[in-house]
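Here's the structure we're looking at; comments come further down.
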């Protein structure tokens, strides 16, 4: 939860891509975090998540910021394919291995940057490990710049008035 802001239940990215407010659905999400490659990309660890670690991670992200599932519509059916969070001025994203390299993460990051702009962030950070070339390319393609070891930043241009920002946040 971000102080003084109500997290929207849904952020529509496109006709086939949405961000759905986090709710406990560990049966599906444990699949993403049971892939060793994904765990290495995201946390630089050489083991997969267990249920305790998964629940703790989601509890932290949803309490300290806004956490969303990434929903993708394929052949008329919606599927959860990852998650994205905005917390303490940082973005974290996980895309299930089979959905990577389809530019879906890029679109989701652009969507969450719009949310960060509405909230009033001036800058957002992403931590990307040196070996994670595909994440580096993706974050650089949306405008992040290298800042320091493992850290990339995106400077948000203020383009909304306070009144416009309030209208966007309230859904008016």
When the range 144-156 is checked residue by residue, the ones that are outside any strand (DSSP E or B) and either without any contact (Cβ under 8 Å) to a residue 12 or more places away in the chain or in contact with a helix residue (DSSP H, G or I) (Cβ under 6 Å, 6 or more places away or on another chain) (or both) are 149, 156
Kindly check whether there is at least one residue in the range 127-140 that is part of a strand (DSSP E or B) and either surrounded by 15 or more Cβ atoms within 10 Å (Cβ to Cβ) or modelled with pLDDT under 95 (or both).
-> yes
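Looking at 65, 76, which one is out of contact with any helix residue (DSSP H, G or I) (no Cβ under 9 Å at 6 or more places or on another chain) and free of Cβ contacts under 8 Å to residues at least 24 places away in the same chain?
When all the criteria are applied, what remains is 76.
The values are calculated or read from the model by the stated rules, or taken from the named source; none is laboratory data. Treat the numbers as computed from the prediction; the structure is a model and nothing was measured. So basically every Cβ, Gly included, is an ideal-geometry build from the backbone, and we count neighbours across all protein chains shown.
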